[in-house]
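> So that we are looking at the same thing, I have put the structure below in structure tokens.
The values are calculated or read from the model by the stated rules, or taken from the named source; none is laboratory data. These numbers were taken from a predicted model, which means no experiment stands behind them. Counting neighbours? That spans all protein chains shown, and the Cβs are built from the backbone with ideal geometry, glycine included. We work out accessible area using only protein heavy atoms, side chains counted, and drop any ligands, DNA or RNA first. Shrake-Rupley method; radii C 1.70, N 1.55, O 1.52, S 1.80 Å.
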Amino acid sequence: MAADHTRAPVLEALADYHRQGRMSFAPPGHKQARGADPAVREVLGDAVFLGDVLASGGLDDRLTRGRVLERAQELMADAVHADHTFVTTCGSSLSVKAAMLAVAGPHEKLLIGRDAHKSVVSGLILSGIEPVWIEPRWDAERHLAHPPSAADFEQAFEAHPDAKGALITSPTPYGACADLSAVAEVCHRRSVPLIVDEAWGAHLPFHPVLPSWAMDAGADICVTSIHKMGSGLEQGSVFHLQGDLVPADLLQMRADLLGTTSPSVLLYAGLDGWRRQMALHGEELLGATLDLAAEVRADVEAIDGMHVNDRDDYCGAGMADDLDPLPGIIDVDALGITGYQAADWLREHRSIDMHLTDHRRIGAQITHADDRETAGQLLAALKDLAEAAPDLRPGPRVEVPSPSGLRMTQACLPRDAFFGPAEKVPVSEAAGRIAAEMITPYPPGIPAVLPGERLTEPVLRYLLTGLEAGMNLPDATDAGLETIRVATRSLSND
């Protein structure tokens, strides 16, 4: 029987909950907003609290006999051509960890693109998995990392035939995409699974012009953040499964190990509604979005000093295989300012927030929520920025190392360094020591330093000059980077 995508089981159950006037003597303690602070109710509105009910013993009965969430997951899986879908209210940071734990265990190897998000590194620390790092395809001119190629994974498997699987990030936060079909084929010839961190790709299944998405490309597990490019609320994430290389019950068990026992029905409702919206209207909505994005990209390109990265910048030999045009990455280097300065100016002077910022770029993410009015506000603000740029003081120069200079030796497992004996040393004395913490420029959230890596001068200079220029390093134990946490003794993988 064909799935009925006009249905939204979570939303329908929530409406039924209110229609029946259920009285709760269970959490949450605000009791449908009645106990919430009046000032909070004024800011948030009562609708937030009215959607905040228990998942079982509230939205569904105590034994979940209504199968509300199960039915919603089945519809989500059908919408994106997966065999199984699991939803989580703990973000894709949880989803990717669950996927990793379902594929490899302590001291087992997993091939991972070194452009992975910090949540992947957190998964390594928690699991004790041994990473085999696959170098991204570096654009040394633009200081950009694109996803590794299938040939890169092939070579790594030949060197590490005992690896339990592979993990790749595609699209990147910059919109660069891998040839996932080719990478999946490399994995499946060895009967091991491919995990795709597709956090930025929630929209990809719903329009044929967009890059191929992970399930259609043959990936085994795909992790997607619905709140990034979709209509879900923050922390709303799904992970999809297909094939028989990873048992569904094993993946569910690993996710249960990490997940909350108090999931947010509010987030479930957002996920459910987004699936229905995309299944019924996704191609139409995203078609209009792609048209709008093309107009915005052309108009930004016409602003002196700004360049919108496009397919010619990203795709080709030794670079990405495809491009998602919706992130809208704008290079402001020709304006003589940094991306940090540009983002700060736009927020302070034009109340515009950008989604991605680095030493030379800002990201203007376009989604199906945008229209010509919002696009017009963005363009006006960017034109004002270009006019204001000559009067801004030149930002401190970020000393970005060469691709080889960015890479440091993994001297021991991330888990061993993170949990092992450690001390803080002045940054001037840190080169040559083994890092015992993660240091991540955010956004995009790709760690520059991993626990277990042997620190080098070029990477330390990059972080120090980046911090001076406005780089955000939210996970450093010393926010000013005067000291760094390092292992007190030599550790190894032996």
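> Just for the stretch 86-105: of the residues that are surrounded by fewer than 24 Cβ atoms within 10 Å (Cβ to Cβ) and not aliphatic (A, V, I, L, M), which one is nearest to Thr169 (Cα to Cα)?
Ser93
> Residue check: is Gly405 open to solvent by less than 60 Å² (accessible area, probe 1.4 Å) and part of a loop (DSSP other than H, G, I, E, B)?
Considered against the rule, which asks whether it is open to solvent by less than 60 Å² (accessible area, probe 1.4 Å) and part of a loop (DSSP other than H, G, I, E, B), Gly405 comes out as no.
> Let me ask you something else. Considering Gly259, Gly232, Gly218, which residue is touching a residue at least 40 places away in the same chain (Cβ under 8 Å), farther than 17 Å from Leu101 by Cα and not aromatic (Phe, Trp, Tyr)?
From the options Gly259, Gly232, Gly218, the qualifying one is Gly232.
> Still on this model: State yes or no: is Ala3 in a helix (DSSP H, G or I), within 30 Å of Asp78 (Cβ to Cβ) and open to solvent by less than 80 Å² (accessible area, probe 1.4 Å)?
Spelling it out, it is not the case that Ala3 is in a helix (DSSP H, G or I), within 30 Å of Asp78 (Cβ to Cβ) and open to solvent by less than 80 Å² (accessible area, probe 1.4 Å).
> Next question, about the same structure. Please go through (1) touching a helix residue (DSSP H, G or I) at 6+ places or on another chain (Cβ under 9 Å); (2) surrounded by fewer than 22 Cβ atoms within 10 Å (Cβ to Cβ); (3) over 24 Å from Asp322 (Cβ atoms) for Ala72 and return the number of the only condition it doesn't satisfy.
Evaluating Ala72 over (1) touching a helix residue (DSSP H, G or I) at 6+ places or on another chain (Cβ under 9 Å); (2) surrounded by fewer than 22 Cβ atoms within 10 Å (Cβ to Cβ); (3) over 24 Å from Asp322 (Cβ atoms) leaves (2) as the failure.
> Here's a follow-up. Taking into account only those residues within the stretch 152-177 that are among the β-branched types (Val, Ile, Thr) and in a strand (DSSP E or B), which is farthest from Met354 (Cα to Cα)?
Selected residue: Ile168.
> Please enumerate the residues belonging to the stretch 256-284 that are buried (at least 19 other Cβ atoms within 10 Å of the Cβ) and of a type in the set (A, V, I, L, M).
Val265, Leu266, Leu267, Ala269, Leu271, Met278, Ala279, listed by residue number.
> Considering each residue of the stretch 18-35, count those that are closer than 14 Å to Leu266 by Cβ and of a type in the set (A, V, I, L, M, F, W, C), and give that number.
Total meeting the criteria: 1.
> A follow-up question, please. Would you confirm whether or not the stretch 409-423 contains a residue that is under 20 Å from Arg361 (Cα atoms) and in contact with a Pro (Cβ under 7 Å, 6 or more places away or on another chain)?
No: zero hits.
> For the stretch 7-26, give me each residue that is open to solvent by 80 Å² or more (accessible area, probe 1.4 Å) and in contact (Cβ under 8 Å) with a residue 40 or more places away in the chain.
Listed by number, the list holds a single entry, Arg7.
> Right, here's the next one. Among (1) touching a Gly at 6+ places or on another chain (Cβ under 6 Å); (2) under 20 Å from Trp138 (Cα atoms); (3) not charged (D, E, K, R), where does Gly232 come up short?
Looking at each condition in turn, Gly232 falls short on (2).
> Could you please give the count of residues in the stretch 482-493 that are open to solvent by less than 70 Å² (accessible area, probe 1.4 Å) and at pLDDT below 95?
The number of residues fulfilling the criteria is 3.
> Then there is this: Here is a check on your reading of the model: is Trp138 in contact with a Leu (Cβ under 9 Å, 6 or more places away or on another chain), open to solvent by 10 Å² or more (accessible area, probe 1.4 Å), in a strand (DSSP E or B) and closer than 18 Å to Asp321 by Cβ?
Answer is yes for this residue.
> Still on this structure, please answer the following. Just one of the numbered conditions (1) open to solvent by 20 Å² or more (accessible area, probe 1.4 Å); (2) outside any helix (DSSP H, G or I) is not true of Cys222; which one?
With (1) open to solvent by 20 Å² or more (accessible area, probe 1.4 Å); (2) outside any helix (DSSP H, G or I) applied to Cys222, the lone miss is (1).
> Mind listing just one residue for me: the one in the stretch 327-366 that is over 25 Å from Thr440 (Cβ atoms) and part of a loop (DSSP other than H, G, I, E, B) and, of those, most open to solvent (accessible area, probe 1.4 Å)?
Going through the qualifying residues, I end up with Ser351.
> Something else now. Looking at Val40 and the list (1) among the β-branched types (Val, Ile, Thr); (2) open to solvent by 50 Å² or more (accessible area, probe 1.4 Å); (3) under 30 Å from Ala79 (Cβ atoms), which single condition is not satisfied?
Every listed condition holds for Val40 apart from (3).
> Here is a follow-up. Only one of these is within 25 Å of the chain's Cα centre (by Cα) and at pLDDT 95 or above: Gly470, Gly452, Gly445. Name it.
Within the list Gly470, Gly452, Gly445, the selection yields Gly452.
> Mind checking whether some residue in the stretch 200-213 is among the β-branched types (Val, Ile, Thr), open to solvent by 30 Å² or more (accessible area, probe 1.4 Å), under 29 Å from Asp321 (Cβ atoms) and assigned to a loop (DSSP other than H, G, I, E, B)?
Yes.
> Suppose the filter is touching a strand residue (DSSP E or B) at 6+ places or on another chain (Cβ under 7 Å) and of a type outside the set (A, V, I, L, M, F, W, C); does Arg350 pass it?
Criteria not met by Arg350.
> What number of residues in the stretch 234-255 are open to solvent by 30 Å² or more (accessible area, probe 1.4 Å), touching a helix residue (DSSP H, G or I) at 6+ places or on another chain (Cβ under 6 Å) and not in a loop (DSSP other than H, G, I, E, B)?
So the count comes out to 2.
> Can you find, within the stretch 157-179, the residue that is nearest to Ala411 (Cα to Cα) among those that are of a type in the set (A, V, I, L, M) and open to solvent by 10 Å² or more (accessible area, probe 1.4 Å)?
The residue in question is Ala159.
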